[in-house]
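Just so it is clear, none of the values below were taken in a lab; they were calculated from the coordinates. What you see is a predicted model, and the numbers here were worked out from it, not measured in a lab. With ideal geometry, Cβ positions are generated from the backbone for all residues, glycine too; neighbour counts draw on all protein chains shown.
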Amino acid sequence: MAISAIQGRESAAGDLRLSQQKEHRRAARMQRWFGPERILWIILMIVVLAVSIAPLVFAVDASFYEETKVGLSDKRSLDAVINVYFSHEYLGYLANALALSAVVTGLSLVVGVFMALLVARTDLPRKGLMELLVIMPLFVSPFTGLIAWIALGSERTGFINVAWVRFWQVFGVDAGPLVNIWSFGGVVWVMFLFFCPFVYLFTIGAMRNMDASLEEAARASGAGPVYTLTRITIPMSTPAIFSAGLLVFILAAELYTIPGIIGTNAGFTTLPWKIYEDSTAFPVHRAHAAAAGTMILWIALIGLLLQRRITRRSERYVTMGGKGFKGQLLPLGGLKWPAFAILALYVLSADILPLFSIVLSSFMRFSSATISLDLLTLDHYRTIWNLPDVRSATLNTFILAVLSGAACVVIGFLISFLEVRRAGRGARLLAMLAVLPAAVPGMVYGIGLLWLYLRTPLYGSIWILLLAMIAKFLPYGVLVSRSGIMQVHPELEQSARMSGASPLRAVRAILMPMVKPTMIALLFFVMLQSIKELSASALLYGRNSQTLSVLTWHYMDGGEYQFASAVGVVQTVLMIGLVLLTRAAFKVRLERVMASE
């Protein structure tokens, strides 16, 4: 009896343990499928699919329709795809775009990496000032810079050429123009000035964070600064340099404003400009525009896949942990001031001359090679501030910048957190889909959003512009957040967990304070990009949803250069004001934090 009772109790205990194990497994499955992280993943996936992927699907789908003079018919057709992919016309435009992108990327890499080397790894004088001035072109719309350089570099009336000719006339020399902005070289020059800071930002962070012991070993062996920088520092920064080159190549390949205005006058047409014409000029060819956009899409996707392959191992980018190392700066010696002069020349070309030009043009009654007091006026500013369109555009621009910036920071951080800290196929898929819009030309995204929301109240409203900006700039949110999170070693959060903190508390108390400067810098960076955005806005705006970029484009297209300059000045002041606000209110140096990513 006693033995039977003992066996019965053991059997009951075994059944209880088995039941508890089953219940534990069931709870684990419920936690896995319906836990907070799974619910967050589902919500983020719905947002990404609705905002980023659906417009892309509609844009690609638009390639397979017959065209009417005002849009697309209901009938399917392969005519547009065949005509785009197999015609000499569109293939020639694509070749022009790729050649232009290659030249701009190469020039930007050479100069951008050189400037990053000088600022990050040498004893260059006045580095604090140069850090801000080198990235100032990011705070100016490339289209505004284009207006400025047209005033500076026009062959007969440009300020530079007029000053050059008059200077030589003093010595009795009949000199020709020094520059001609209306040429292929002019397109490359303007694009280079405004894309070079991207290379600088991408590479300077890697150069600052690398272990300097190899450089010190090279110097101890008698190597000079040039040998050390070219044989040690640059090879160690290769992944960052390659990523910077891919980014600039993609951005240059999709840009249509500068190649369109200057290039077409020089007999050089690129594919993005053809996409814009097919989308807006009557009769419209939107199936051709969508099909042409996919050509750039495939090229950009290949670039993004290469970038992810290079940066897939997050351990390479862990630079913030329990210990740090700071090496001695490389002494330039007699090369110090010549190197400073090279950076100053870039600052002069990218910052000082364009700012002087556009401000001066905004005060001139009309374009003129001769400047006099009688030619200057404040009427343009009085006029634009009395125009309801300008006041509305300024308010719309500010609202879109704030909302898109906040959305990209929050969504980007959450997606990157799941990808980096909760690595899995689902998280990687979510991050890849969120970054995908980086490979999509803004004009093509505009076409997708146009057809997706054409028959809804969103069409022509400020909210469809907001969706376009979130989709377009969310990749920045994901990539920059990912970089910031990777730089915080997981062991810091694990230490908090071992001390009894919950996962949420560990993130809130450890991770978020350490990435806060990055998130603030990201917020204002996306806001700056939103203020400058034109490619999608030019297709999606309505009567009451114009932005400053759209207004500037219309004034420029209508030949009203002075009004375009005045609106460009307002836009530039708004962006510079945001940078100063960042530095003053949040004690965050935007140029330093962005350069650390």
Cα gyration tensor shape of segment 339-435, rounded if a/c is under 1.5, else prolate or oblate by comparing a/b with b/c: oblate
Charges on Cβ only, +1 for Lys and Arg, -1 for Asp and Glu, centred on the Cα centroid of segment 350-439; of THR370, ILE411, THR394, which one is farthest towards the dipole's positive end? ILE411
For the residue pair ALA99 and ASP74, what label-to-label distance in nm results when each label sits 7 Å from Cα along the Cα-to-beta-carbon direction? 4.5
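How long are the semi-axes of the equivalent ellipsoid of segment 130-188, taking √(5λ) for every eigenvalue λ of the Cα gyration tensor, in whole Å from largest down? All intermediate terms of the calculation are to be shown ahead of the outcome.
On the way: eigenvalues 146, 40, 16 Å².
With the √(5λ) rule applied to segment 130-188, the semi-axes are 27, 14, 9 Å.
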Where the centre of each part is set by its Cα atoms, how far does segment 61-121 sit from segment 142-180, in angstrom? 32
Bins of 5 Å, starting at 0 and running to the largest distance - Cα pair percent for segment 344-390: 5, 19, 21, 18, 17, 13, 6, 2, 0
Hey, rough spin-label estimate for ALA266 and PHE282, points 7 angstrom out along Cα→Cβ, what's it come to in nanometres? 3.3
When TRP189, TRP463, TRP385 are ordered from fewest to most other Cβ atoms inside 10 Å of their Cβ, what list results? TRP385, TRP463, TRP189
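Extension gain ASN544-LEU40, at 0.36 nm per residue separation less the Cα-Cα distance, in nm? Don't skip to the end; give the middle numbers.
Working: separation 504, 0.36 × 504 = 181.44 nm, distance 3.51 nm.
Extra length from ASN544 to LEU40 when fully extended: 177.9 nm.
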Spin-label point model (7 Å from Cα, Cβ direction): what's the PHE366 to LEU305 distance in nm? 5.7
Could you state the principal axis extents of the C-alpha atoms in segment 396-494, from the largest down, to the nearest angstrom? 50, 29, 20
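Where does each of 234-240, 456-462, 405-411 land if you order them by average Cβ count within 10 Å, highest first?
Numbers: 234-240: 17.4, 456-462: 15.6, 405-411: 21.6.
For the peptides 234-240, 456-462, 405-411, the packing ranking is 405-411, 234-240, 456-462.
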